[in-house]
Amino acid sequence: MTRRLSYEAVLLINQRITGDCVVRDSDGLDSALNRPFQSAFGNDAYPTLLEKAGALLHGLAAAHAFKDGNKRTAWTTCLAFLELNGVEIERDEDAAGPFVIALVEHQEDARTAALWLAARVL
């Protein structure tokens, strides 16, 4: 069973990144956190852990749920989610920054995020 990060844990991640966690869109944040666990007709929308992580990264980056630190919070939350589930990936901030921006700008999506993450599993 895949372990989830709580809403409160993500608030704490943003607090540590920005120093002042201000949620602008709590529904958007909740939706982004639940997106990896969606299913239809008994089938997971994102069946693998890396697909779930890609959906989480994309959802959080695109939601702009916080006043500040959205991209950094999305990346850090994705790392924490993977680690919570026993997967470690390269922490290459120089590569992550542009990729997360591409997610925000809709140049990449959750599926390509899963592939991008898979290429970085240690």
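Rule-based calculations on the coordinates, nothing more; no lab input. As the structure is a prediction and not an experimental result, all values here were calculated from the model. In this analysis, Cβ positions are derived from the backbone assuming ideal geometry, glycine residues included, and neighbour counts consider all displayed protein chains.
If the segment from Gln107 to Thr18 were pulled out straight at 0.36 nm per residue, it would be longer than the present Cα-Cα gap by 29.4 nm.
How high is the FRET efficiency between Ala118 and Met1 when r is their beta carbon distance and R₀ equals 25 Å, given to the nearest 0.05? Write out the running numbers ahead of the final one.
Numbers: r = 21 Å, r/R0 = 0.82.
Calculated value: 0.75.
Sorting His64, His58 by the number of Cβ atoms found within 10 Å of their own Cβ, with the fewest placed first, yields His64, His58. Applying a length cut-off of 15 Å (Cα extent along the axis) and a mean Kyte-Doolittle floor of 1.6 to the DSSP H helices of the chain leaves no helix. Panel order for Leu11, Leu84, by other beta carbons found within 10 Å of each beta carbon, from fewest to most: Leu84, Leu11.
Net charge of the neighbourhood of Val87, taken over other residues with C-beta under 14 Å away and scored Lys/Arg +1, Asp/Glu -1, is 0. Taken as Cα centroids, the stretch 33-103 and the stretch 15-29 sit 16 Å apart, rounded to the nearest whole angstrom.
Would you work out if the chain is rounded, prolate or oblate? Take a ≥ b ≥ c from the square roots of the eigenvalues of the alpha-carbon gyration tensor; rounded if a/c is under 1.5, else prolate when a/b is larger than b/c, oblate otherwise. Walk me through the numbers before you get to the answer.
Numbers: a/c = 1.41, a/b = 1.17, b/c = 1.21.
Here the chain falls in the rounded category.
Using label points projected 7 Å from each Cα along Cα→Cβ, tell me how many nm separate Phe41 and Arg91, to one decimal. The modelled label-to-label distance comes out at 4.3 nm.
In the chain, helices alone account for a calculated mean residue ellipticity at 222 nm of -18500 deg cm²/dmol, with every DSSP H run of four or more residues adding -39,500 (n - 2.57).
Using unit Cβ charges (K, R positive; D, E negative) and no other charged atoms, how large, in debye to the nearest 20, is the dipole of the chain about its Cα centre? Provide the component values of the computation, followed by the final result.
Values: 12 positive and 17 negative charges, 38 e Å.
That gives the chain a dipole magnitude of about 180 debye.
Ranking Leu82, Phe66, Val104 by how far each Cα lies toward the positive end of the dipole of the chain (charges on Cβ) leaves Leu82 at the top. Each other residue within a Cβ distance under 15 Å of Val121 adds +1 if Lys or Arg and -1 if Asp or Glu, for a net charge of -2.
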